[in-house]
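Read through the structure below, which is laid out as structure tokens, and then see the notes.
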Amino acid sequence: MSEPDSVTNAPQLYVITGGPGSGKTTLLSELSRRGYRCVPEVARLIIQEQLQTGGVALPWKDTRQYSGMMLERSIAAFQQNAAVPETAFCDRGIADTLCYMRLIGLQDLQAAVASRSYRYANTVFIAPPWRTIYITDTERKQSFAEAIKTFDLMARVYEELGYQIAQLPLCSAQERADFVLQNLGRMFTS
């Protein structure tokens, strides 16, 4: 795997990631309510757009096109938000695209290079699978077993990229937000 030509660091952008249905969006809503800037998940926006327009760039149709759009929009979201110096929380990061591609067996050097080229804050918050709150909907079709597999791979991908993983506790959105804010920039050891 080749190394990136240049690296763009945005230490004020914190990634909140994990498998589907683990409470990330609810946590981000709480952080937003507290006045923090939050960046929405591009994958869900793509799915919503594709469903509205009858497009095929969907994780259950044209996975290569969906992945390409997800990578392109994730990079654009990073670049747009990296220019703002205040702390922001991102519903997933560029490496989530790399994880998704590995999960479905797509090889794409561009996703790997982008994941190394665009760097978020070193601490990445990851939401573990949580059966109690897990539901499917028109945009989330994965089983709970797939959510577990996604979580495991997501943690591995971010660790491979040199990030410190902070696993979110299974508690209310308010308590999770407190946990995130208390642990900004903290170094976690395994």
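A few comments on the model shown:
- Treating r as the C-beta distance of GLN107 and GLN80 and R0 as 30 Å, the FRET efficiency rounds to 0.60.
- Per residue, the chain reaches -15000 deg cm²/dmol at 222 nm when only DSSP H runs of four or more residues are counted, each adding -39500 (n - 2.57).
- Highest mean first, the peptides 73-82, 163-172, 44-53 sorted by other C-beta atoms within 10 Å per residue fall in the order 73-82, 163-172, 44-53.
- The residues LEU27, LEU161, when put in order of fewest to most other Cβ atoms within 10 Å, stand as LEU161, LEU27.
- With the convex hull of the Cα atoms taken as the outline of the chain, the averaged projected area works out to 10.5 nm².
- The range 1-116: relative contact order in percent, alpha carbon pairs under 8 Å with at least 6 residues between: 39 percent
- Site pair ALA173 and ILE133 shows an inter-label distance of 0.8 nm when each label is modelled 7 Å from Cα along Cα→Cβ.
- Spin-label model, LEU181 to VAL7: label points 7 Å out along the Cα-to-beta-carbon direction sit 3.1 nm apart.
- Euclidean distance of C-alpha centroids, the range 143-172 and the range 1-60, integer Å: 14 Å
- Highest-first packing order for the peptide set 31-43, 84-96 is 84-96, 31-43, based on the mean count of other beta carbon atoms within 10 Å.
Taken together, the values in this text are just the output of simple stated rules run on the coordinates, not laboratory data. Quick caveat, the model's predicted, so the values are computed rather than measured. Here Cβ is always computed from backbone atoms with ideal geometry, including for glycine, and neighbour counts include all displayed protein chains.
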